[in-house]
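First up is the structure itself, then whatever we jot down about it.
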Amino acid sequence: MRKVYVLVFLGWGCLFWANQPPKTYLQALDAIASQNYTLAQSLLQQSLQDPLMPKEYQARAYNYLGDIALVNQSYQTAQKYYRRVLESYSDTAVYPRALYNMARMYVIMGDHEAGVALLSDYLNRYALEDANEDGALYWLGRAFSARGEYYRALGLYRELLKRFPSSAYAYHTRQLIQTIESSLQSTRTTESDLQKISADQTQYLKMLARLLELQNQLLDLKKQKIDELKALLGKEGL
């Protein structure tokens, strides 16, 4: 009987560890929390070489690599990693986040048609689950504004402020509303005025991705890292 208990314990232990990420993945989360992105990138890539790494953590690793590339303003590289999640890990919990990230990347890179399509898909399917609905409304508004559809952009901005008045996007959203409304309502508004609003998109999007959006994203990364570590320790009974 004792042998049976030992075998059961060993079997449970193997099952537990089979569902855990490699040490390099946890070290990468520490590096992300410390904003040591070069080290984090290296560790994440190492973790993906582990053939026993669970699928869920593989997806998270690729998404983190996309985040790091975005921090470094390597937009095409970020897009590559997010696309990897969308194409190979549609059944994982991180898929909605990768969809949002990919959609935002399209807007940042100027592909507003693709950005509108993916952001609309995200809002329809995952907004309530992934807690990025305010960001999706904001970036969708930016995409419509960049296409010259200012009234649609205004509608999204107003919805954002109504539903998420304390959002990190709220301050600049109010500025955008004021700028667009002033230009549309002015009797002196010309086509060049509206083009100027549109031309502001690229410069501001890059600045925002670096300064505002990513600051909030880093806080989210830290929280997720802490939550993951707590969950692992809880499973071990520590």
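The values are calculated or read from the model by the stated rules, or taken from the named source; none is laboratory data. All values reported here derive from a predicted model rather than from experimental measurement. Note: ideal-geometry Cβ built from the backbone for every residue, glycine included; neighbour counts use all protein chains shown. Surface areas here come from the heavy atoms of the whole protein model, side chains and all, with no ligands, DNA or RNA. Shrake-Rupley method; radii C 1.70, N 1.55, O 1.52, S 1.80 Å.
Can you name every residue in segment 27-74 that is without any contact (Cβ under 8 Å) to a residue 40 or more places away in the chain, more than 27 Å from ASP91 (Cβ to Cβ), in a helix (DSSP H, G or I) and not small (Gly, Ala, Ser)?
TYR37, THR38, LEU39
Pick from GLU133, GLU129: which is open to solvent by 20 Å² or more (accessible area, probe 1.4 Å), in contact (Cβ under 8 Å) with a residue 24 or more places away in the chain and touching a Lys or Arg at 6+ places or on another chain (Cβ under 8 Å)?
The unique qualifying residue is GLU133.
Taking GLY110 as meeting all but one of (1) within 30 Å of SER182 (Cα to Cα); (2) part of a helix (DSSP H, G or I), write down the number of the exception.
The one condition GLY110 does not meet is (2).
So that you can scan it fast, the table gives a plain yes or no per residue for (1) surrounded by fewer than 14 Cβ atoms within 10 Å (Cβ to Cβ); (2) among the charged types (D, E, K, R):
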residue: LYS23; (1), (2): yes, yes
residue: ASP30; (1), (2): no, yes
residue: ALA40; (1), (2): no, no
residue: LEU52; (1), (2): yes, no
residue: LYS80; (1), (2): no, yes
residue: SER90; (1), (2): yes, no
residue: VAL94; (1), (2): no, no
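Can you work out which of the residues in segment 152-172 that are open to solvent by 40 Å² or more (accessible area, probe 1.4 Å) and among the aromatic types (Phe, Trp, Tyr) is nearest to the chain's Cα centre (by Cα)?
Among them, the one singled out is PHE164.
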